[in-house]
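To start, the structure itself, in structure tokens.
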2 protein chains.
Amino acid sequence: MAKHKPQLERRRPPVQSRSRATVDELLAAAAQVFESHGYAAGTTNRIAQVAGVSIGTLYQYFPGKDAIAVALLERHIVETEERLRDWAARAATGRWGLRATLNGYVTVMMETHAGRPRLQHILLEETPLPARVHQDLLKSERRAAATVTEVLHRYPEIRRPHLDQVGFLVVQTVESLTHRFAAHPDEQVMPCDRFLGELVLMLTAYLVGPAR
Amino acid sequence: MAKHKPQLERRRPPVQSRSRATVDELLAAAAQVFESHGYAAGTTNRIAQVAGVSIGTLYQYFPGKDAIAVALLERHIVETEERLRDWAARAATGRWGLRATLNGYVTVMMETHAGRPRLQHILLEETPLPARVHQDLLKSERRAAATVTEVLHRYPEIRRPHLDQVGFLVVQTVESLTHRFAAHPDEQVMPCDRFLGELVLMLTAYLVGPAR
DNA sequence: ACAGAAAGTGAGTAATTACTCAGATTGTAG
DNA sequence: CTACAATCTGAGTAATTACTCACTTTCTGT
């Protein structure tokens, strides 16, 4: 369908407030359309329509469909890192026990995906992302693992060796279970709050449990 | 792109061995093509080409693209349930400790996705599945949880209440972490065998840990 | 007021692709 | 061998869709 191969850089940077609002509208519309239709079926025409602008305007600010997905993903990475930093800062005050800290972490992650549970999945798995973005994702995930590891260091009841790998597994576990539960919840078998509680229980048991 | 809306039933059931082989070829080709291109970009023409038959032959046995994905998914559900039954039977001999049993479960699940790590994700998330198939998936997942719960009942060291919900969380955890690790392994931070070991450790700690 | 820049429009284009069909080829029963 | 069914072929069709461009409208500085 693509006539030419477009770049990934924004074409014309918005300078007036009107155009900045348009770009915001476009991103919001894209999030909604991708969430409900998937990447391939989320057409650029539909995105423009939902945003309330013409298709030409869309291509004035984004050189191609991929670029929109990349922008959404990069925005999500930034937001997630912000939330994680906030959580780490709160944990660093030392007023919380391990369990409350883990509870906070899982809650933050669930909130992050509460609004559009499928979107991150779609961006990650269905979108042809350039290698650069994959690198960014990997780096961001490693930073998250490092942050979590650092927080865990504050709790002497954790006696497990290789805390960095432990932090990595915690991040992976929370991330993947949160995604899964947000996207396909089985409220019949396990309601959301119970799921959260059990997950925190599992993580706590893992961290303070016998080293072997 | 679709002119008419096709059904999901196979058009002409293969009766000669030649055509049965053709259908197998088509499914194998579809698995390969979807795995490497995703659902939307995995074209029917390409599937037919990889299978070594003409596009017309493909449509003689499958009424539409979706039907191929559904067939692949149903096949995967059957295979997974078989593997799970085998594992439960082995666990029922009573010769394994809890840890070995969990290790076996995780190993089985990792093996299931080792060959085509992305395929299940693609079928589940990118394919427009009819409601019937989603029901089947949910049912299959619940059966898996029931099987695991039953196995866990054999181990008196597990004192946790609501074993059915515990079994459900174990299934969800293993399923989602296995998918994630098969699809995007970060061998640099955590090699596969170490990942398996830590996951088993986490599950064990969760199951035998303090009830509160 | 006005020139030029920024922003927006949407019908149209070229490429892609799911699917069809008229007929050729291969297997099989009597 | 013959008739018929099963199987296979692949060029062609209609629908879809990413993207362009010639043009209009709105804003801003002077």
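The convex hull around the C-alpha trace of the stretch A:73-140, projected and averaged over every direction, spans 5.0 square nanometres. Using alpha carbons only, the radius of gyration of the stretch B:117-169 set against its Kirkwood radius gives Rg/Rh = 1.15.
GNM on chain B, alpha-carbon springs under 10 angstrom: the most fluctuating residue among B:P156, B:P117, B:P128 is B:P156. Quick check on chain B: take the gyration tensor over C-alpha atoms, sort the square-rooted eigenvalues as a ≥ b ≥ c, and tell me if it's rounded (a/c under 1.5), prolate or oblate. Note, shape of chain B comes out prolate.
Taking 1 over the mean of 1/r across every pair of different Cα atoms in the protein assembly as shown, what Kirkwood radius in Å do you get?
On the way: mean 1/r = 0.0424 Å⁻¹.
Computed over the protein assembly as shown, the radius equals 23.6 Å.
Spin-label pair B:A131-B:E111: with each label point 7 Å from Cα along the Cα-Cβ axis, the two points sit 3.8 nm from one another.
Subtracting the Cα-Cα distance of B:H37 and B:R154 from their residue separation scaled by 0.36 nm leaves 37.7 nm.
Computing FRET efficiency as 1/(1 + (r/R0)^6) for A:I55 and A:E79, where r is the C-beta to C-beta distance and R0 is 30 Å, gives about 0.60.
Which loop-located trypsin sites (Lys or Arg not before Pro) does the stretch B:124-157 contain, where loop means any DSSP state but H, G, I, E or B and the Cβ has at most 14 other Cβ atoms within 10 Å?
B:R154
Among the protein heavy atoms of the stretch A:76-126, carbon and sulfur supply 50% of the accessible surface, probe 1.4 Å, non-protein parts ignored.
3J(HN,Hα) along the stretch B:96-111, derived from phi through the Karplus expression 6.51 cos²θ - 1.76 cosθ + 1.60 where θ = phi - 60°, amounts to 10, x, 4, 5, 5, 5, 5, 4, x, 4, 4, 4, 4, 5, 5, 4 Hz, with x in place of Gly and Pro.
When Lys and Arg each count +1 and Asp and Glu each count -1, what net charge do the other residues less than 14 Å away from A:I47, Cβ to Cβ, add up to?
Details: positive: A:R46, A:K65; negative: A:D24, A:E25, A:E35, A:D66.
Around A:I47, the charge tally is -2.
Can you classify the stretch A:17-63 as rounded, prolate or oblate using the Cα gyration tensor, where a ≥ b ≥ c are the square roots of its eigenvalues, rounded means a/c under 1.5, and otherwise it's prolate if a/b beats b/c and oblate if not?
Values: a/c = 2.19, a/b = 1.66, b/c = 1.32.
Prolate shape, in that a/c is at least 1.5 and a/b is the bigger ratio.
Within 10 Å of each Cβ of A:131-142, how many other protein chain Cβ atoms are there on average?
Numbers: counts 0, 0, 0, 1, 0, 0, 1, 4, 0, 0, 3, 3.
Partner-chain Cβ atoms within 10 Å, mean over residues of A:131-142: 1.
Rolling a 1.4 angstrom probe over the protein heavy atoms with all chains in place gives chain A an accessible area of 50 Å² per residue. Along the axis of the charge dipole computed for the protein assembly as shown (Cβ charges of +1 for Lys and Arg, -1 for Asp and Glu, origin at the Cα centre), the listed residues B:T22, B:A114, B:H153 are led at the positive end by B:T22.
The mean of 1/r over all distinct Cα pairs in the stretch B:106-212, once inverted, gives the Kirkwood hydrodynamic radius of 15.3 Å.
What FRET efficiency comes out for B:E187 versus B:S17 if R0 is 60 angstrom and r is the Cβ-Cβ distance? Round to the nearest 0.05. All intermediate terms of the calculation are to be shown ahead of the outcome.
Values: r = 43 Å, r/R0 = 0.72.
Here the calculated transfer efficiency is 0.90.
Here the stretch B:78-103 and the stretch A:49-84 have alpha carbon centers that stand 46 Å from each other.
Would you look at the GNM of chain B, springs on alpha carbons closer than 10 Å, and say which of B:A40, B:A146, B:A88 moves the most? Fluctuation is largest for B:A40.
The values are calculated or read from the model by the stated rules, or taken from the named source; none is laboratory data. Keep in mind it's a predicted model, so treat the numbers as computed, not measured. Quick reminder, even Gly has a Cβ in these numbers, built from the backbone with ideal geometry, and neighbours come from all protein chains shown. Side chains included, ligands, DNA and RNA excluded: accessible areas come from the protein's heavy atoms. Shrake-Rupley method; radii C 1.70, N 1.55, O 1.52, S 1.80 Å.
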